[in-house]
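**Q** Before we start, here is the structure in question, set down as structure tokens.
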Amino acid sequence: MKEILGNTEGLKNNIIAMLEQLYQLRVPPWQLVSPEIAIQMAKITGAINREVNIFLDRKGNVLSVSVGDSNTVSLPDLPGRRGSGRLSGIRCIHTHPGGNSQLSGIDLSALRSHKYDLMAAIGVNDEKPEEFVFDFAIITGKDEYGQYTVQEYGVFKPEVLETLFLPNIISSAEKLLAVTDDNQKLEQRPERTILVSLEYGKQDRLWTSEDSLEELRQLAETAGAEVIAKFLQKRPKPDPGFFIGRGKVRDLALYAQQEDIDLCVFDEELSPAQQRNLEQSLGIKVLDRTALILDIFAQRAQTNEGKLQVELAQLQYTLPRIMGQGLSLSRLGGGIGTRGPGETKLETDRRMIRDRIAYIKGCIDKVQNVRKLHRSYRNKNQVPSVSLIGYTNAGKSTLLNVLTNSDVYEKDQLFATLDPTTRQLNLPDKRQAILTDTVGFIQRLPHQLIAAFKSTLEETLDADLLVHVIDVSHPLYKEQSEAVYRVLQETGVQDKPILSVFNKIDKLPDESSGFLEQLRSVPDSVCISAKKRIGLETLLTAISDSLKLKAIEVTLLIPYSESGTAARLFEEGTVLSQDYEAEGIKMKVRLQANDVERWQKYTTDDED
């Protein structure tokens, strides 16, 4: 029989026998500690009012059992791995009499100095040992001085032991320890990612679960992930605690261990509780579709306005999740879901986040006022405005470049450009217009983004014409169009005149001539290829015809007694000239056609 170490003086034979029995018990390799061992340790502590400590290896074998006093227990120096960037392969589990499971400074110091896989403390309920609670801590990296940093998690109840998947937690910690001698991160590989979707309820949506999961793959790859596998789960309804159910979570945890997975992305927005439970059970970082899109936006934002809008959306998303982030160990080391301002908010309390949200909203309001000033100037000068709208990666930026001879960044990926761009557009009738490329839409665009980008989307509110760019080569182009119209309804611009532009016809197969004829028959539509410069002249003519520019020049004679009326003309139109004559102020003004009637009584035919 293996030896019981520590302070065994005065212990009764039955207690010694219970301690020795711990050596015979084994913990499943995936579990932090088995409930059986935890309850046995709690019973012993309740009987003797002393701390009990065990060491476990990664196979779940009990290596050592020791007894201390009511406050501490001495830890033997067991042989373990000491390689740089690796943990020892041994975890320490000990009890705290009195029910307090919080780890002490001594516990955390031992964790650092011995590089244990994990340090856990069981708070013992003397009357009901089976109702224990526990905390645990794990090494999460190094600080700027080269000292190991730790993170504590808890308080947990016994049932959590059935869902925590230990190998993935340890793997995440060891990845964070993979640092060079100068404490700089090694060149990071793309995060190995699995995607999960849930099909539930009546499937009457335009998008199938498989289609949505494929788009999620494109989003993940746009964010820089390496997608290893996709999983589709079918249930009558989402599980309130784990979204996909405990059984499927266990399968995913095993797969994540076997394939060295870093990240799991869900195709639905998770509740804070679901995200926390999933991270605890999987032992890897968990994101939902909303967080993934926010991360992409954080990468793409270049202008100050764009960065403010992304930060606002991230803070609004983070606020309900700031308490209890779960075991998202990889978030401390960067990667997808941590870029942008959101990465610094895990340690920030709710009040500070609310203050920051209020400040950012104030900044965005100022930008919005500047936009209004620019729009009023364009309206005053009768400059028509055209906004490019469409699903992400439909080719809006490419079209802007070829129509205006610009060099806006364009790439065949989702959300390649984020910040709105405005350029001058020369029309066939020698007039000029303002062409604006807006942010791309996507199905289930996070409501935080719609709210945050309200000032940007307002460019479409004042546009004289919306040019809806559609990637007609995409098999789901109709569904993508519907997603765009739904966002337009949310922003209140669905009644604007819309010109449908079927783009990328060069990608259609040769036998699709009948399909092209069908598209050309659609009212208010044009078929083009922006990249191949096909159909651009037809498009420009359609834009010019759709705008119906009717700015009319009139000559008005305003009596001196109504000089205030003359001042209004500078606001409502473009004053081309003014002369002071005996009868009043003679003004040559360019007005919108629908405004001319209001000034009818001042019109004169005298052009002298």
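The values are calculated or read from the model by the stated rules, or taken from the named source; none is laboratory data. Just so it is clear, the model here is predicted, and its values are computed rather than measured. Using ideal geometry, Cβ is built from the backbone for each residue, glycine included, and neighbour counts are taken over all protein chains shown.
**Q** What's the total number of residues in region 416-452 that are over 28 Å from Asp211 (Cβ atoms), surrounded by 21 or more Cβ atoms within 10 Å (Cβ to Cβ) and modelled with pLDDT under 75?
**A** Of the residues in that region, 1 qualify.
**Q** Also: Regarding Asp506, is this residue more than 30 Å from Pro446 (Cβ to Cβ) and modelled with pLDDT under 85? Steps first, answer last, please.
**A** Values: more than 30 Å from Pro446 (Cβ to Cβ): yes; modelled with pLDDT under 85: no.
So Asp506 does not fit the description; no.
**Q** Can you run down the residue pairs with Cβ atoms below 6 Å, 6 or more apart or on separate chains, where the first is in region 223-236 and free of Cβ contacts under 8 Å to residues at least 24 places away in the same chain and assigned by TED's automatic domain parsing to the domain that holds Asp251 and the partner is among the charged types (D, E, K, R) and in a strand (DSSP E or B)?
**A** Between residues of region 223-236 that are free of Cβ contacts under 8 Å to residues at least 24 places away in the same chain and assigned by TED's automatic domain parsing to the domain that holds Asp251 and residues that are among the charged types (D, E, K, R) and in a strand (DSSP E or B), there is no close pair.
**Q** Does region 128-143 contain at least one residue that is under 23 Å from Glu279 (Cβ atoms), outside the structural domain of Ala273 (by TED's automatic domain parsing) and assigned to a loop (DSSP other than H, G, I, E, B)?
**A** Residues of region 128-143 under 23 Å from Glu279 (Cβ atoms): 132-142.
From what is left, the residues that are outside the structural domain of Ala273 (by TED's automatic domain parsing) are 132-142.
Checking which are assigned to a loop (DSSP other than H, G, I, E, B) leaves us with 132.
Checked against the condition, which is being under 23 Å from Glu279 (Cβ atoms), outside the structural domain of Ala273 (by TED's automatic domain parsing) and assigned to a loop (DSSP other than H, G, I, E, B), region 128-143 yields at least one hit.
**Q** Additional query: Just checking: which of the helices (runs of 4 or more DSSP H) contained wholly in region 506-608 hold 1 or more residues that are assigned by TED's automatic domain parsing to the domain that holds Arg431 and buried (at least 17 other Cβ atoms within 10 Å of the Cβ)? Lay out the reasoning, then the answer.
**A** Details: elements: 513-520, 536-547, 563-572, 593-596.
Per the criteria, 513-520, 536-547.
**Q** If you take the residues of region 393-415 that are among the hydrophobic types (A, V, I, L, M, F, W, C), part of a loop (DSSP other than H, G, I, E, B) and within 24 Å of Thr538 (Cβ to Cβ), which of them is modelled with the lowest pLDDT? Even if it seems obvious, please write down each step before you answer.
**A** Just the residues of region 393-415 that are among the hydrophobic types (A, V, I, L, M, F, W, C), to begin with: 394, 399-400, 402-403, 408, 414-415.
From the residues that got through so far, the ones that are part of a loop (DSSP other than H, G, I, E, B) too are 394, 408, 414-415.
Checking which are within 24 Å of Thr538 (Cβ to Cβ) leaves us with 394, 408.
Numbers: Ala394: 89, Val408: 72.
Looking at the filtered set, the residue picked out is Val408.
**Q** Just for region 453-474: of the residues that are assigned to a helix (DSSP H, G or I) and β-branched (Val, Ile, Thr), which one is modelled with the lowest pLDDT?
**A** Just the residues of region 453-474 that are assigned to a helix (DSSP H, G or I), to begin with: 454-461.
From what's left, β-branched (Val, Ile, Thr): 456, 460.
On the way: Thr456: 59, Thr460: 68.
The residue in question is Thr456.
**Q** In region 475-492, what residues are surrounded by fewer than 16 Cβ atoms within 10 Å (Cβ to Cβ), in contact (Cβ under 8 Å) with a residue 12 or more places away in the chain and part of a loop (DSSP other than H, G, I, E, B)?
**A** Gly492
**Q** Right, something else. Pick from region 110-159 the residues that are surrounded by 13 or more Cβ atoms within 10 Å (Cβ to Cβ) and of a type in the set (Gly, Ala, Ser): which of them is nearest to Arg246 (Cα to Cα)?
**A** Among residues in region 110-159 that are surrounded by 13 or more Cβ atoms within 10 Å (Cβ to Cβ) and of a type in the set (Gly, Ala, Ser), the one nearest to Arg246 (Cα to Cα) is Gly154.
**Q** Could you list, in sequence order, all residues of region 1-48 that are at pLDDT 90 or above and under 42 Å from the mean Cα position of the chain (by Cα)?
**A** Once the filter is applied, which keeps residues that are at pLDDT 90 or above and under 42 Å from the mean Cα position of the chain (by Cα), region 1-48 yields Arg26, Val27, Pro28, Gln31, Leu32, Val33, Ser34, Pro35, Glu36, Ile37, Ala38, Ile39.
**Q** So, one more: In region 280-308, what count of residues is obtained for those that are acidic (Asp, Glu) and touching a strand residue (DSSP E or B) at 6+ places or on another chain (Cβ under 9 Å)? Step through it out loud before you land on a result.
**A** The first filter runs over region 280-308 and keeps only residues acidic (Asp, Glu), leaving 288, 295, 305.
From what is left, the residues that are touching a strand residue (DSSP E or B) at 6+ places or on another chain (Cβ under 9 Å) are 288, 295.
So the count comes out to 2.
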